[in-house]
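Student: To start, I am sharing the structure in question, which I have written as structure tokens.
What follows is calculated from the coordinates using simple rules that are stated; it is not laboratory data. This is a predicted model, so every value here is computed, not measured. Note that each Cβ is placed from the backbone with ideal geometry, even for glycine, and that neighbours are counted across all protein chains shown.
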Amino acid sequence: MLTNIIKNNNLKKCFRQVKNYSTIIKPERDSKYATINNQDINYFQNILDKHSVLTDPSDVEGFNQDWMKKYKGTSSLVLKPKTTEQVSEILKYCNNRKIAVVPQGGNTGLVGGSVPVHDEIILSLANMNKIEGFDPITGVVTCQSGTVLENIESYLSPLGYTVPIDLGAKGSCQIGGNVSTNAGGIRLLRYGGLHGNILGIEAVLADGSIIDCLSTLRKDNTGYDLKQLFIGSEGTLGVITKVSMITPPKPTSVNVGLFTCDSFDKVKTILTRAKSQLGDILSAFEFMDRPCIDVVLAHQQVQDPFDNKQPFYILIETSGFNETHDSEKLNDFLESIMNDDLIVDGSLATDTKNISAFWKLRESITESLGKEGAVYKYDLSLPMDQFYSIVEIMRNKFEGKANVVGFGHVGDGNLHLNISTPKKPYQKEIFDMIEPFVYEYTSSHRGSISAEHGIGSMKPNHLHYSKSSNSIHLMKSIKNTMDPNNILNPYKVLPN
Amino acid sequence: MKILVPIKRVVDYAVKIRVKSDKSGVETANVKMSMNPFDEIAVEEAIRLKEKGIAKEIAAVSMGPKQSQETIRTAIAMGADTGIHVETDKELQPLAVAKLLQKLVETEKPQLIILGKQAIDDDCNQTAQMLAGLLNWPQATFASKVDIKDDKVHVTREIDGGLETLSMKLPAIVSCDLRLNEPRYAKLQNIMKSKKAQLNVLTPEKLGVDTTSHLSTVSVEEPPKRKGGVKVENIDQVVEGLKKNALI
């Protein structure tokens, strides 16, 4: 693959860029984009009401920066439409004026995809937060794209259904952003990804045309499945305004086990046993190493689960509909891993208090690391044999100069490699120690450099590590067809 | 020294409580149940006293339907030595519970009874006090710290404006407040063992206690639904609204 890349002239250029640019260095502003003036603002105020056009720098500030304070733009305008038609009018105008636009959901992304790189205007979907319908027979829910994920869950829960996607950021992230990012999360192991669970999408293209693919059908095999293009395109192909999603019945019997292991090989063995012995009730298999636990303990109100510290912690969740059936399966599994000395310590939570305490250990890692200082985040898919090796390699490389931690959805082969430098800003020297090494390592084992976070503004120049030049070429021509003026989320996803 | 820890199986604290359609009580069918969190603190405190070598044996006791045995097993998994189940499908009120406990004290002969200050389902906060009255034992309620030296218990309680420390002679009753300790997670090995533990199963009849309730429930109602707020344009309207609703 590498030889192919070097043969290709365009990509050769981008390969050089990899060495020269680190993530904190921005691509230059493209001068083809118009800068906004008062006339533009007046126009937008006519489309929306005055409360939905934010120009005061203090109002705009929060939209310009991501929550990690890693990416920051200089936009001076935020638009908050309420309807698809308003989005359409805004984009049509921007397309004619060549004004660049960044669509923004809950702004909880991890790769800088939802904040402007320069002065792109921010199209916030936050006010498009209506749940429009739910079919209690099929379990299909339809809502506007700005609906907060947790609100969909609270809406479905009394009806006996649950959302098939669950993330640490559920309280702020929005479904449209989740879909645009093709976010993964904890339940992917059980319910599969968004490409399977999203049944329909309504989106607005750069020229303002509304693409209505808002099907609520499980099976619809008519021509190209256009909605799939929007899933994971990170707002570069269109702005998602509505989604319909199939939701599963909410499990009534939930158990969470927390276990410690003294080697990663044992984690792998437990994973295969969990898959075969728990089968249909297995709903999460997460792992975190001891340094993760230490960071969480330093920042959260949680207790160290066991007196005996071990290098690896596993969280296993089962969800089902019959307590007796589930606990029988679970008991057999627990006895098997105990009798074969696969675990050092373990505990099982059946009440909500302990269930949430165990989940907190896993779910607050990202937030806790963020409180320490700069965090260099890598979201990799790797084969099981190399899964944890990269963490150890990086730990040796940094020799204590940074805190290298590994956690993630081991059940899905997805590692979150995080390198944290407490009380320090983002530094070029640290980036240079990580990149492109981590990407090259991942690529050489045929892994993915972005398992679930997306590409955003962090990784366009690294896309080639996971996608062939022909694939990237095809992506570019799709982008060109759907957004010929390149006004939607520029500088992101695709390399120049 | 032997410690008796009465524990109650209650609707899990995270469950949204629903009132039964006939208003006779709250819905408990197909609802997640757990150990009353205050009782869990009591179990933890008893285990800590055992770990310090002060207590020799911990007996956990629960009263109610068959499923209460799960709660007893949870206490055993945490570290209680034995479990007693007083099985009844009738609803028990604090006085009946206290009378049953009084009977158990005769056979179990504990020196100390530690229990939660209240159960999160009925919020009665009466069992410890009633039991102390029936046994004529000293009591310290709402404990946030418990120290035992020789035959004396020193209990610190959080009261308005500071801390109060009581001292009483054993045998005694202590009811636990939230900040007494943080309960441990039961170890998997012990969870598995607890599933096979033999429980001492009794009934109110066997203990010769009349559990007939002297109180009857007239009606159980949900709290009134919160009304949505209104948006106002300016300060004057805020003041006007407050005056109109007699809030200032």
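Student: Per-residue mean of other chain beta-carbon atoms within 10 angstrom of the beta-carbon, peptide A:344-353?
Tutor: Taking all residues of A:344-353 together, the mean is 6.
Student: Share of antiparallel DSSP beta bridges in segment B:2-215, in percent to the nearest 5?
Tutor: Of the beta bridges lying entirely in segment B:2-215, close to 40 percent run antiparallel.
Student: Something else: Per the helix-only calculation at 222 nm, which mean residue ellipticity applies to chain B, given -39500 (n - 2.57) for every DSSP H run of n ≥ 4 and division by its residues, nearest 500 deg cm²/dmol?
Tutor: My calculation for chain B gives -8500 deg cm²/dmol from helical runs alone.
Student: Averaged over all directions, how much area does the convex hull of the C-alpha atoms of segment A:179-316 cover when projected, in nm²?
Tutor: Value for segment A:179-316: 12.0 nm².
Student: Oh, and also: Can you list the HN-Hα couplings for segment A:442-451, worked out from phi with the Karplus curve (6.51, -1.76, 1.60; θ = phi - 60°), rounded to whole Hz and with x for Gly and Pro?
Tutor: 4, 4, 5, 9, 6, x, 10, 7, 8, 6
Student: Send over the semi-axes of segment A:144-201's equivalent ellipsoid, whole angstrom and largest first, taken as the square roots of 5 times the C-alpha gyration tensor eigenvalues.
Tutor: Equivalent ellipsoid semi-axes, largest first: 15, 14, 12 Å.
Student: If a/c stays under 1.5 just call it rounded; otherwise compare a/b with b/c (prolate if a/b is bigger, oblate if not). Do that for segment B:104-160, with a ≥ b ≥ c from the square roots of the Cα gyration tensor eigenvalues.
Tutor: oblate
Student: Moving on. What's the whole-number percent of alpha carbon pairs in segment B:1-141 lying beyond 25 angstrom?
Tutor: Of the Cα pairs, 23 percent sit more than 25 Å apart.
Student: Sticking with this one: Give a residue-ordered list of calculated ³J(HN,Hα) values for segment B:118-130 (Karplus: 6.51 cos²θ - 1.76 cosθ + 1.60, θ = phi - 60°; whole Hz; x for Gly, Pro).
Tutor: Per residue, the Karplus-derived 3J(HN,Hα) values read 7, 9, 6, 8, 9, 6, 5, 6, 9, 4, 4, 5, 5 Hz.
Student: Can you give the mean number of other chain Cβ atoms that lie within 10 Å of the Cβ atoms in peptide B:33-46?
Tutor: 1
Student: Here is a follow-up. With everything on Cα atoms, drop me the angle between helix A:9-20 and the longest principal axis of chain A, reported from 0 to 90° to the nearest 10.
Tutor: Roughly 70 degrees, rounded to the nearest 10.
Student: Please work out the Cα convex hull volume for segment A:53-110 and give it in Å³ per residue.
Tutor: Looking at segment A:53-110, the number lands at 94 Å³ per residue.
Student: Provide the per-residue ³J(HN,Hα) series for segment A:279-289, in order, calculated from phi with Karplus coefficients 6.51, -1.76, 1.60 and θ = phi - 60°, each as a whole number of Hz, with x at glycine and proline positions.
Tutor: Karplus-based 3J(HN,Hα) across segment A:279-289 equals x, 5, 8, 5, 10, 7, 9, 10, 9, 8, 8 Hz.
Student: For segment A:249-353, max minus min Cα coordinate along each principal axis, in Å, sorted largest first?
Tutor: 37, 30, 19
Student: Can you give the FRET efficiency to the nearest 0.05 for residue A:137 and residue B:29, using r as the Cβ-Cβ distance and R₀ = 30 Å?
Tutor: About 0.75, to the nearest 0.05.
Student: Rg to Rh ratio, segment A:131-246, alpha-carbon atoms and Kirkwood radius?
Tutor: Taking Rh as the inverse mean 1/r over Cα pairs, Rg/Rh reads 0.94.
Student: Return a whole-number percent for the relative contact order of chain A, with Cα pairs under 8 Å and 6 or more residues apart as the contact set.
Tutor: Relative contact order comes out at 17 percent.
Student: Quick one: longest stretch of chain A between exposed loop chymotrypsin sites (Phe, Trp or Tyr not before Pro), exposed meaning at most 12 other C-beta atoms within 10 Å and loop per DSSP?
Tutor: After excluding every exposed loop site, the longest remaining stretch is A:1-223.
Student: Out of every Cα pair in segment A:408-496, what percent are spaced more than 20 Å from each other?
Tutor: 46
Student: Peptide B:183-193: average number of partner chain Cβ atoms within 10 Å per residue?
Tutor: Across B:183-193, the average partner-chain Cβ count within 10 Å equals 6.
Student: So what is the relative contact order of chain B, in percent, for Cα pairs below 8 Å that sit 6 or more residues apart?
Tutor: 23
Student: With the alpha-carbon atoms as the only input, what is the per residue convex hull volume for segment A:220-301 in Å³?
Tutor: In segment A:220-301, the Cα hull volume divided by residue count equals 251 Å³.
Student: If you take the square roots of the eigenvalues of the alpha-carbon gyration tensor of segment A:64-150 and sort them as a ≥ b ≥ c, do you get rounded (a/c under 1.5), prolate (a/b over b/c) or oblate?
Tutor: It is oblate, given that a/c is not under 1.5 and a/b is not larger than b/c.
Student: How much of the DSSP beta bridge set in the protein assembly as shown is antiparallel, as a percent to the nearest 5?
Tutor: Approximately 70 percent, going by the DSSP bridge assignments.
Student: Can you pull the percent of Cα pairs in segment A:366-453 with separation above 16 Å?
Tutor: Tail of the P(r) past 16 Å holds 49 percent of the pairs.
Student: Next question, about the same structure. Enter the angle in degrees (range 0 to 90, nearest 10) between the Cα long axis of helix B:94-108 and the first principal axis of the Cα atoms of chain B, meaning the one along which they spread out most.
Tutor: 20
Student: Suppose each label sits 7 Å from its Cα in the direction of the beta carbon; what would the residue B:206-residue B:240 distance come out to in nanometres?
Tutor: Label-label distance for residue B:206 and residue B:240, simple model: 7.2 nm.
Student: So, one more: Give or take rounding to whole Å, what are the principal axis extents of the alpha carbon atoms in segment A:19-116, in descending order?
Tutor: So the three principal-axis extents are 45, 28, 24 Å.
Student: Another question about this same structure. Give the long-range amide H neighbours of residue B:117: residues separated by 5 or more places, or on another chain, with amide H under 5 Å away, using H modelled in the peptide plane at 1.01 Å from N.
Tutor: Here B:176 satisfy the definition.
Student: Also: With an 8 Å Cα cut-off and a minimum separation of 6 or more residues, compute the relative contact order for segment A:94-228 in percent.
Tutor: With pairs under 8 Å counted, the relative contact order is 17 percent.
Student: In degrees, nearest 10, range 0 to 90: what is the angle between the Cα axis of helix B:37-51 and the longest Cα principal axis of chain B?
Tutor: Once rounded, one gets 30 degrees.
Student: With a point put 7 Å past each Cα toward its Cβ, work out how far residue A:159 is from residue A:478 in nm, to one decimal.
Tutor: My value for the distance between the label points is 3.0 nm.
Student: Could I ask something else about it? Rounded if a/c is under 1.5, else prolate if a/b is larger than b/c, else oblate: which is segment B:119-248, with a ≥ b ≥ c the root eigenvalues of its Cα gyration tensor?
Tutor: Here segment B:119-248 falls in the prolate category.
Student: Dimensions of chain B along principal axes (Cα, Å, largest first)?
Tutor: Result for chain B: principal-axis Cα extents of 69, 44, 40 Å.
Student: Hey, another quick one. Taking the alpha-carbon centroid of each part, what is the distance from segment B:74-89 to segment A:87-127 in angstrom?
Tutor: Answer, in whole Å: 59.
Student: Give, in nm to one decimal, the length gained when the segment between residue A:341 and residue A:45 is fully stretched (0.36 nm per residue of separation minus the Cα-Cα distance).
Tutor: This chain segment gains 99.9 nm when fully extended.
Student: For chain A, what mean projected area does the convex hull of the alpha carbons give, in nm²?
Tutor: The orientation-averaged projected area of the Cα hull of chain A comes to 23.4 nm².
Student: For segment A:366-453, give the magnitude of the charge dipole about the Cα centre (Cβ charges: +1 Lys/Arg, -1 Asp/Glu; no others), in debye to the nearest 20.
Tutor: It comes to approximately 300 debye.
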